[in-house]
Amino acid sequence: MANELYTRTNQKIFYAGLALESWRKAEQGQSMNALALIQAEREAALFHLYGALLGLCHEIAGYYRLPDSAAPRAESFLTSVVLSAAPSQELGELVELAQSKESWVAQLLSAYAALFKPPQAGKKSKVDPTTPLITAVSLDEDVEPLAHQSLEIWRQELKALAQRFRETLSEW
C-alpha cells in the first residue's frame, strides 16, 4: 500500500464498513453473546470512523503543510485557533461542523469521547420511609445507544466529504 496520507483515511472508512456489516450480522444472529457482539462492533465502527476523521485532518494538514500535522487527535485540528493560523476552505468546513452540536462531526466526536468515560451507576433517589408506595421515576436514565443507521450515515458523510475535499486539494 502506498504511503500517501489518503490511504489511511480510505482504510479506516473501509474498516468502519466491515465493523458495521459485522454489527448487522450480529443483530440477525441468535447467539448467546449477540448483545456483546453488537456492542463490540458498535465500538469498533466508532473507533474506525474517528480514525478516518483524523486521517482526513492529516490529509488537509499535510497538503497545507500545517505545523503539528501529525497530531494524534482530530480535536487538535478542529479549533478556531488552528483555522486562524492556517485558513483553508476544507479545514474551515470541518471546524464549523465540529462546533455545530447537531452536525454529524460533533456527534461523532462526542460519541468517541464517551467511549473513554467510565460506566455510571444509575441515579437512585432517596427513599422516604413515610411514603413507601410512591416511586421516583427518572427519564434520563435510559440512554439509547448509537443506532447502526446513524454510524452508517456518518460513514457515508465522511466518505463523501473526503472525496469532495480531495478534488479541491489536488494540484492540476
> What GluC sites (Glu not before Pro) does the stretch 1-108 have in DSSP loop regions with at most 12 other beta carbons within 10 Å?
Replying inline: GLU4, GLU102
> Taking the Cα centre of the stretch 5-169 as the origin and placing charges on Cβ (Lys, Arg +1; Asp, Glu -1), which of ALA19, LEU94, GLN120 is farthest toward the positive end of the dipole?
Replying inline: ALA19
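Within the stretch 5-169, how many Lys pairs sit with Cα atoms under 22 Å apart, leaving out pairs fewer than 8 places apart on the same chain?
Number of lysine pairs found: 4.
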> Which net charge results when you count Lys and Arg as +1 and Asp and Glu as -1 among the other residues whose beta-carbon is under 14 Å from that of ALA162?
Replying inline: 0
> With each pseudo-label sitting 7 Å past Cα toward Cβ, what's the GLU27-ALA71 distance in nm, one decimal?
Replying inline: 3.4
> Based on the Kirkwood radius over alpha-carbon pairs, what value in µm²/s does the Stokes-Einstein equation return for the translational diffusion coefficient of the stretch 5-169 at 10 °C and 1.306 mPa s?
Replying inline: 89
>> Please list 3J(HN,Hα) in residue order for the stretch 147-154, calculated via the Karplus relation 6.51 cos²θ - 1.76 cosθ + 1.60 where θ = phi - 60°; whole Hz, with x for glycine and proline.
In response: 7, 4, 4, 4, 5, 5, 4, 4
>> Test of the criteria: in the stretch 1-70, which chymotrypsin sites (Phe, Trp or Tyr not before Pro) are in a DSSP loop and have at most 15 other Cβ atoms within 10 angstrom of their Cβ?
In response: TYR64
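Each reported figure results from applying straightforward, stated rules to the coordinates on display, with no laboratory input. Computed from a predicted structure; not experimentally measured. Here Cβ is always computed from backbone atoms with ideal geometry, including for glycine, and neighbour counts include all displayed protein chains.
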